[in-house]
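The values are calculated or read from the model by the stated rules, or taken from the named source; none is laboratory data. For clarity, every value in this text was computed on a predicted model and none was experimentally measured. Ideal geometry is used to build each Cβ from the backbone, glycine not excepted, and the neighbour counts take in all protein chains shown. Just so you know, the surface numbers come from the protein's heavy atoms only, side chains and all, with ligands and any DNA or RNA stripped out. Shrake-Rupley method; radii C 1.70, N 1.55, O 1.52, S 1.80 Å.
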Amino acid sequence: MKSSNLIYWITNVLFVIGIFGAGNLVITEFTIGNGCPKFGAVPACLIILICFTLPLISHLLKKWNLIYFLFTGIAALIALVASVMQFMDTAECPKSDSGIPMCYLSLLIFTSLIILKKIQLNYVNYK
């Protein structure tokens, strides 16, 4: 398998993991409430879900790299701020089933998505 194909499929897997995680939080938020922190009246998990969905569309269509980087960047920044606040005990991120704060996982996934896209674009440009 070529490196570009491997990167493409790893990116797809990260998107699926992220969409399921954020999607479950959104469902919890709208059915039970208090599933995730809010920015004003908007649940952060809904923003993160959108930040997974729009870059996924960009990735699958293989265009609109600006949209990809804009939304993954916004989400990475939100996850970074939330992670710092979680670490300093000034906020509480939702936890995964294994007890890991999901803001840490989001930061890891979005950072990975940004790095993988950059590698993929560099690979295409060097071909």
**Selection from the range 93-127 of residues that are in a helix (DSSP H, G or I), modelled with pLDDT under 90 and open to solvent by 40 Å² or more (accessible area, probe 1.4 Å)** = M102, I119, L121, N122, Y123, V124, N125, Y126
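Check the range 51-58 and report whether any residue there is at pLDDT 90 or above, at negative phi and over 11 Å from the mean Cα position of the chain (by Cα). Before the answer, list the steps.
Let us first name the residues in the range 51-58 that are at pLDDT 90 or above, namely 51-58.
Still in the running and at negative phi: 51-58.
Going one step further and asking which of them are over 11 Å from the mean Cα position of the chain (by Cα), we end up with 57-58.
Checked against the condition, which is being at pLDDT 90 or above, at negative phi and over 11 Å from the mean Cα position of the chain (by Cα), the range 51-58 yields at least one hit.
Collect the residues in the range 48-59 that are open to solvent by less than 30 Å² (accessible area, probe 1.4 Å) and of a type outside the set (A, V, I, L, M, F, W, C), keeping them in residue-number order. Show your work before the answer.
Residues of the range 48-59 that are open to solvent by less than 30 Å² (accessible area, probe 1.4 Å), as a first pass: 48, 51-52, 55, 58-59.
The answer is P55, S58, H59.
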**Message:** What's the number of the only condition in (1) touching a strand residue (DSSP E or B) at 6+ places or on another chain (Cβ under 8 Å); (2) open to solvent by less than 80 Å² (accessible area, probe 1.4 Å) that A79 fails to meet?
**Reply:** (1)
**Fill in**
Of (1) part of a loop (DSSP other than H, G, I, E, B); (2) of a type in the set (V, I, T); (3) touching a helix residue (DSSP H, G or I) at 6+ places or on another chain (Cβ under 7 Å), T90 fails just (3)
**Complete:** Considering residues that are modelled with pLDDT of 85 or more, surrounded by 12 or more Cβ atoms within 10 Å (Cβ to Cβ) and not small (G, A, S), the number found within the range 28-47 is 7
**Message:** For the range 60-73: of the residues being touching a helix residue (DSSP H, G or I) at 6+ places or on another chain (Cβ under 6 Å) and assigned to a helix (DSSP H, G or I), which is most open to solvent (accessible area, probe 1.4 Å)?
**Reply:** I67
**Fill in**
Going through the range 11-27 in order, the residues found to be more than 16 Å from A75 (Cβ to Cβ) and open to solvent by 50 Å² or more (accessible area, probe 1.4 Å) are V13, N24, I27
